[in-house]
Amino acid sequence: LFLTSANNFAMKGKRKTLNAGDVLSAMEEMEFQRFVAPLKESLEVYRREQKGKKEARKDKDKKADSEEQDKSREEENDDDDERMEEEEQNDEEEVDN
């Protein structure tokens, strides 16, 4: 009965998927108001935790990306340095000849 009520709220919103609001509305309708406030608080805590985890993942990914870019730049600079040294050696050999 509880799920049917929550499903009706979703259908009124022209959705096929239940969300937290549907469940909370169904609980209020079925006179379970005393559970609604603690569930809302728990839901907010959960959402904040998930948001924090998501942001931490993004920061970690950004850090990894920047480290990869730094390594690529260092490798490019090393390659450029090697090329310049080879060119200098070639120039010196040409001068000697």
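The values are calculated or read from the model by the stated rules, or taken from the named source; none is laboratory data. Not measured: the values here are computed from a predicted model. We work out accessible area using only protein heavy atoms, side chains counted, and drop any ligands, DNA or RNA first. Shrake-Rupley method; radii C 1.70, N 1.55, O 1.52, S 1.80 Å.
List of remarks:
- Lysines with Cα under 25 Å of Lys12, excluding same-chain neighbours fewer than 8 positions away: Lys40
- Using the Karplus relation 6.51 cos²θ - 1.76 cosθ + 1.60 with θ = phi - 60°, the per-residue 3J(HN,Hα) values for the range 37-54 come to 4, x, 5, 4, 5, 5, 5, 5, 4, 4, 5, 5, 4, 5, 5, x, 5, 5 Hz, with x marking Gly and Pro.
- Anchor Lys16: lysines whose Cα lies under 18 Å away (excluding residues fewer than 8 positions away in-chain): none
- Where the range 1-56 is the region considered: accessible area per residue in Å², 1.4 Å probe: 80 Å²
- Sequence-distant residues sharing a close amide H with Gly13 (under 5 Å, placed H): none
- Accessible surface of the range 1-56 [probe 1.4 Å, protein heavy atoms]: carbon and sulfur percent: 57 percent
- For the range 1-56, radius of gyration divided by Kirkwood radius, i.e. Rg to Rh on alpha-carbons: 1.08
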